[in-house]
Amino acid sequence: MVHTVKNTTILPHGYLDLLSQMEAHRLLTASQGKIHELFRNCSLAVLNCGDDLDDSRKLYERYPDFDIAVIRENGGIALELQNAPASAFVGDKVIQGIREHLFAVLRDIVFAEDTLYLNPALNLTTSRGITNAVYHLLRNAGVLNPNLESGLIVCWGGHSISREEYDYTKEVGYQLGLRSLNICTGCGAGAMKGPMKGATIGHFKQRFTEGQYLGITEPGIIASESPNPIVNDLVIMPDIEKRLETFVRLGHGVVVFPGGVGTAEEILYLLSILLDPANQDIPFPFVLSGPSSARNYFAEIDQFIGLTLGEEARSKYDIIIDDPERVAQVMERGVQKVSEYRMQSDDTMFFNWSLNIDYDSQIPFEPTHENMLTLDLSLDRPARELAVDLRRAFSGIVAGNVKPAGIQAIEDHGLFQLRGQSEIMDSLDSMLKGFISQNRMKIPSDQEYLPCYSIVQDEALAELKN
């Protein structure tokens with residue numbers, strides 16, 4: 001199939017049109033260096049908005065001649081596009097939202113390389129240093145609002161969900177919008193798009209004209225979850241760990257909709273933080289919700305969490321089935337408690353400095369075959385530590401499903417192996433098989449989903465427990 005392409009040059013939007021000559025030169029130089037391929041690939045993902053494709057390598061193969069360059073224009077910069085997907089255009093002009101997202105890619109990809117990693121003042125070998133780096137990136141992106149008056153609700157969930165589940169996410173978003181609450185998601189399709197779409201209607205009915213629809217992504221996932229056009233603030237964090245930290249530092253509460261392994265990864269990440277004794281007094285509303293058809297889905301996740309992390313972990317969230325209004329009410333009350341706590345503890349409302357996130361949850365996990373095999377998936381360790389390794393296990397499966405490096409690793413070396421105690425592995429295997437049967441791993445296509453992992457029960461661990 002031949003895909004129509006176009007060429008054009010676009011001018012910046014926002015602060016990038018006020019660059020000094022030195023800043024323009026630095027952007028031009030950095031974009032031509034070793035990160036050009038990353039810049040190109042992320043830009044192509046943005047231009048592919050609206051396409052039901054969640055395989056990054058297929059996207060790159062579909063547009064092999066696409067390229068993007070930063071050029072000098074009127075003393076500043078512009079972006080020159082060659083062989084870009086025609087779906088990103090109306091006539092000869094790039095859709096405004098996509099244009100803004102392209103310059104967000106330039107801002108974040110080049111800024112992270114040129115300013116973050118080469119900045120001796122930011123120490124990425126310490127927990128506080130990584131949090132400062134996250135703050136630095138968000139401030140540069142212009143998404144921190146010191147005058148924030150309404151809460152920001154993070155919505156997690158899968159990009160491959162049923163129509164009924166998608167409509168439910170829209171209804172929850174609508175109820176949140178009626179309460180002038182802002183929305184933050186992973187910026188892709190499905191449960192990441194639905195809440196934003198619903199919130200736009202709720203905001204409009206309330207004449208709330210400053211609604212924020214914040215999308216947080218990272219280079220490894222953006223091609224499989226291209227930013228949806230409702231996102232009015234797009235931020236590309238350098239890796240999944242900084243992306244996850246961004247969600248919990250910016251958000252005043254989390255709603256989780258049905259999803260797959262990526263959603264399970266997010267749930268376990270937040271639980272690993274909320275299980276930290278240092279955070280037990282910090283309010284953080286956390287709700288799992290879906291339509292009636294998702295009741296069994298959440299029951300299985302709840303059972304898995306109870307088995308692996310215990311009753312304390314289960315107490316950190318509420319499960320609300322088929323009641324969008326109640327979800328919004330819980331979030332509204334939760335945001336009020338968060339606001340009161342932040343005022344009493346002299347913390348900012350726009351960035352949660354108080355929440356303790358241990359270094360082992362912040363350092364990037366590389367899903368190699370060796371690292372996946374050596375994860376400690378046993379019950380004979382603190383729940384918080386087990387949550388960290390379970391999160392990494394799901395992160396590796398996400399990589400094997402949709403990330404180029406992960407897909408290549410599977411092709412070169414075979415399936416990832418996950419090894420652990422039989423109690424954990426039986427429950428994990430059952431849950432993953434459920435994700436597969438419900439088409440939650442990838443967007444359904446004419447090709448059957450092939451797992452990128454195998455489950456190994458470590459009998460030695462089981463015997464040791466007995």
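Residues in region 150-182 that are crowded, with 24+ Cβ neighbours inside 10 Å and more than 25 Å from VAL402 (Cα to Cα): ILE153, TYR168, VAL172, GLY173, LEU176, GLY177, LEU181, ASN182. Candidates GLU23, GLU80, GLU113: the one that is farther than 19 Å from ASN232 by Cβ, open to solvent by 60 Å² or more (accessible area, probe 1.4 Å), modelled with pLDDT under 85 and not aromatic (Phe, Trp, Tyr) is GLU23.
Restricting attention to region 420-429 and to residues that are closer than 23 Å to LEU275 by Cβ and not acidic (Asp, Glu), the residue that is surrounded by the fewest Cβ atoms within 10 Å (Cβ to Cβ) turns out to be SER427. Scanning region 110-129 for residues that are part of a helix (DSSP H, G or I), over 28 Å from GLN336 (Cα atoms) and out of contact with any Phe, Trp or Tyr (no Cβ under 6 Å at 6 or more places or on another chain) returns VAL110, PHE111, ALA112, GLU113, ASP114, THR115, LEU116, GLY129. The helices (runs of 4 or more DSSP H) found wholly in region 359-411 and carrying at least 1 residues that are under 21 Å from THR263 (Cβ atoms) and in contact with a Pro (Cβ under 6 Å, 6 or more places away or on another chain) occupy 383-402.
Take the residues in region 83-109 that are part of a strand (DSSP E or B) and touching a residue at least 40 places away in the same chain (Cβ under 8 Å); name whichever of them is surrounded by the fewest Cβ atoms within 10 Å (Cβ to Cβ). Here the answer is LYS93.
Output yes when any residue across region 134-149 is assigned to a helix (DSSP H, G or I), in contact with a strand residue (DSSP E or B) (Cβ under 8 Å, 6 or more places away or on another chain), surrounded by 24 or more Cβ atoms within 10 Å (Cβ to Cβ) and not β-branched (Val, Ile, Thr), and no when none is. Within region 134-149, not a single residue is assigned to a helix (DSSP H, G or I), in contact with a strand residue (DSSP E or B) (Cβ under 8 Å, 6 or more places away or on another chain), surrounded by 24 or more Cβ atoms within 10 Å (Cβ to Cβ) and not β-branched (Val, Ile, Thr). Among the conditions (1) open to solvent by 10 Å² or more (accessible area, probe 1.4 Å); (2) part of a loop (DSSP other than H, G, I, E, B), ASN228 misses just one, which is (1).
Restricting region 263-284 to residues that are outside any helix (DSSP H, G or I) and not polar (S, T, N, Q) leaves a set whose member that is surrounded by the fewest Cβ atoms within 10 Å (Cβ to Cβ) is ASP281.
State yes or no: is LEU432 more than 25 Å from ALA189 (Cβ to Cβ), out of contact with any Cys (no Cβ under 8 Å at 6 or more places or on another chain) and touching a residue at least 40 places away in the same chain (Cβ under 8 Å)? The answer is no for LEU432. Return yes when ALA223 is of a type in the set (Gly, Ala, Ser), open to solvent by less than 10 Å² (accessible area, probe 1.4 Å) and modelled with pLDDT under 90 and no when it is not. Yes, satisfied. Taking the conditions exactly as written (hydroxyl-bearing (Ser, Thr, Tyr) and buried (at least 16 other Cβ atoms within 10 Å of the Cβ)), does SER293 satisfy them or not? So SER293 fails the test.
Once region 300-336 is narrowed to residues that are closer than 26 Å to ARG381 by Cβ, part of a helix (DSSP H, G or I) and free of Cβ contacts under 8 Å to residues at least 12 places away in the same chain, the residue that is least open to solvent (accessible area, probe 1.4 Å) is GLY306.
Right, ASP233: among the charged types (D, E, K, R), open to solvent by 10 Å² or more (accessible area, probe 1.4 Å) and out of contact with any helix residue (DSSP H, G or I) (no Cβ under 9 Å at 6 or more places or on another chain) or not? No; evaluated as a whole, the condition is false for this residue. Of all residues in region 391-432, those that are within 16 Å of GLU265 (Cα to Cα), at pLDDT 90 or above and of a type in the set (D, E, K, R) total 3. Could you tell me which residue of region 340-358 is least open to solvent (accessible area, probe 1.4 Å), considering only residues that are part of a helix (DSSP H, G or I) and within 24 Å of LEU275 (Cβ to Cβ)? Step by step, filter region 340-358, then rank; the result is ARG342. Residues in region 371-412 that are basic (Lys, Arg) and without any contact (Cβ under 8 Å) to a residue 40 or more places away in the chain were compared, and the one that is surrounded by the fewest Cβ atoms within 10 Å (Cβ to Cβ) is ARG381.
The values are calculated or read from the model by the stated rules, or taken from the named source; none is laboratory data. Since the model is a prediction, treat every value here as computed from it, not as a measurement. We place every Cβ from the backbone using ideal geometry, glycine too, and count neighbours over all the protein chains shown. Calculation scope for accessible area: heavy atoms of the full protein, side chains included, ligands and nucleic acids excluded. Shrake-Rupley method; radii C 1.70, N 1.55, O 1.52, S 1.80 Å.
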